Amino acid sequence: LLIFTDLDGTLLNSDDYRYDAALPVLKQLQDLKIPVIPVTSKTRSEVEVIREQIGLTDAFIVENGSAVFIPISEQNLAFPQTQNWGDYDLMQFGFNYTEARQGLQKLAEALNQPLKGFADLSEADVHQLTGLPPEDVKRAKSREFSEPFVTPKNFTSLEIEQTVNKLGFQVVVGDRFSHLIGQEAGKGKAVQWLIQHYQNHQPHAKIITVGLGNSPNDLAMLEVVEIPIIIPGHKGPHPGLENRGWKVATASGCQGWANAVREICNSFKINL
Ligand code: 2M8
């Protein structure tokens with residue numbers, strides 16, 4: 001079993017970023033050596049802190065599928081195509097941050113509209129927009145591959161997407177923020193790449209992939225796993241994820257995550 005999971009609104013509650021209800025399940029998964037792989041809009045620096053807090057040790061995917069970080073201590077896995085990045089093997093799909101910033105400037109020109117990226121926002125602005133505590137704001141602002149910007153209200157998602165694509169970038173449009181990422185990046189691509197490498201390492205194993213997400217920016221990930229699970233918000237599943245026949249967890253946030261993962265594991269006779 002390989003478990004791919006979004007963080008905000010999925011493993012972490014959307015309002016208070018808590019994860020306590022999922023801790024017992026996470027601990028059991030670690031004991032059973034079942035990898036839990038974050039797949040998130042967050043930065044490496046943000047994910048490093050969360051991994052440490054919740055005891056995750058496996059690979060993780062950051063900035064909307066811009067990069068996969070594989071801890072070098074996982075010596076047993078040989079990952080070609082990667083480069084060394086501190087304590088990790090890095091597989092980069094996206095641009096670097098300077099390129100993402102240039103892309104945002106081009107987008108602002110093409111839309112003839114000033115746009116505010118994370119680098120243009122003060123720490124106080126980001127705190128106000130996200131509710132993240134100050135030390136986490138710093139980590140959210142330390143981007144390496146992509147730039148989130150405040151979604152402009154006077155354009156449709158389609159208009160933003162079409163303009164961005166013409167400029168040679170991709171955009172993941174969210175309610176609050178949109179994320180400018182490289183054309184080769186994406187949660188689906190990064191997850192597929194990582195599944196392939198786990199499979200290459202264990203060619204005879206039947207690897208079953210589970211994905212958990214709560215928003216349309218998780219679609220690409222949910223589409224490439226065998227068992228996609230939607231974590232609903234307080235008012236139910238996000239409208240962008242409805243009518244796909246996918247399993248919906250019985251609660252929102254970390255409680256829903258824990259319930260759903262426990263149920264899936266039990267269905268494979270892994271008793272949590
Ligand atoms: C941003 O990401 C969220 C989704 O996770 C969003 O687009 O609303 C990112 O900047 C991320 O780094 C940050 O932690 C998060 C905080 O809510 O906002």
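All of the numbers you see were taken from the coordinates with simple rules; none came from a lab. Here the structure is a predicted model, which means the values were calculated and not measured. Note: ideal-geometry Cβ built from the backbone for every residue, glycine included; neighbour counts use all protein chains shown.
Treating only the Cβ of Lys, Arg, Asp and Glu as charged (+1, +1, -1, -1), what charge dipole size does the chain show about its Cα centre? Round to the nearest 20 debye.
440
Eigenvalues of the alpha-carbon gyration tensor of the chain, scaled by 5 and square-rooted, set the equivalent ellipsoid semi-axes at 29, 21, 18 angstrom, largest first. Across every pair of non-identical alpha carbons in segment 1-75, the mean reciprocal distance, once inverted, gives a Kirkwood radius of 12.5 Å. Legend: Rg and Dmax of segment 87-216, from Cα coordinates, 16.9, 54 Å. For segment 219-242, backbone nitrogen atoms closer than 19 Å to the point 7 Å from Ser14 Cα along Cα-to-C-beta are found at 219-223, 229-242. At a Cα cut-off below 21 Å, give the lysines reachable from Lys235, other chains included and same-chain residues fewer than 8 away excluded. Qualifying lysines at Cα under 21 Å: Lys247. Listing His197, His127, His179 from fewest to most neighbouring C-beta atoms within 10 Å gives His127, His197, His179. Take the Cα of Glu263, step 7 Å toward its Cβ, do the same at Lys138, and the gap between the two points is 4.1 nm.
Between the helical axis of 157-166 and the longest alpha-carbon principal axis of the chain there is an angle of about 80 degrees. Subtracting the Cα-Cα distance of Ser73 and Asn154 from 0.36 nm times their residue separation leaves 24.4 nm of extension gain. So the label point goes 7 Å from the Cα of Ile208 along Cα→C-beta, right? Which residues of segment 227-258 then have their backbone N under 13 Å from it? Taking a point 7 Å out along Cα→Cβ of Ile208, the residues of segment 227-258 whose backbone N falls under 13 Å are 227-228. Taking 22 Å as the limit for the C-alpha separation, the pairs Lys141/Lys187; Lys27/Lys138; Lys106/Lys138 exceed it in the case of Lys27/Lys138; Lys106/Lys138. Derived value for segment 117-182: Kirkwood hydrodynamic radius 12.5 Å. Basis is the mean of 1/r over every pair of different alpha-carbon atoms.
Using only Cα coordinates, the Kirkwood hydrodynamic radius of segment 151-212 works out to 14.0 Å. Sorting 210-218, 23-31, 243-251, 39-47 by their mean Cβ neighbour count within 10 Å, with the most densely packed peptide first, gives 210-218, 39-47, 23-31, 243-251.
Normalised radius of gyration (Cα atoms, divided by 2.2 N^0.38 Å) for segment 35-110: 1.24.
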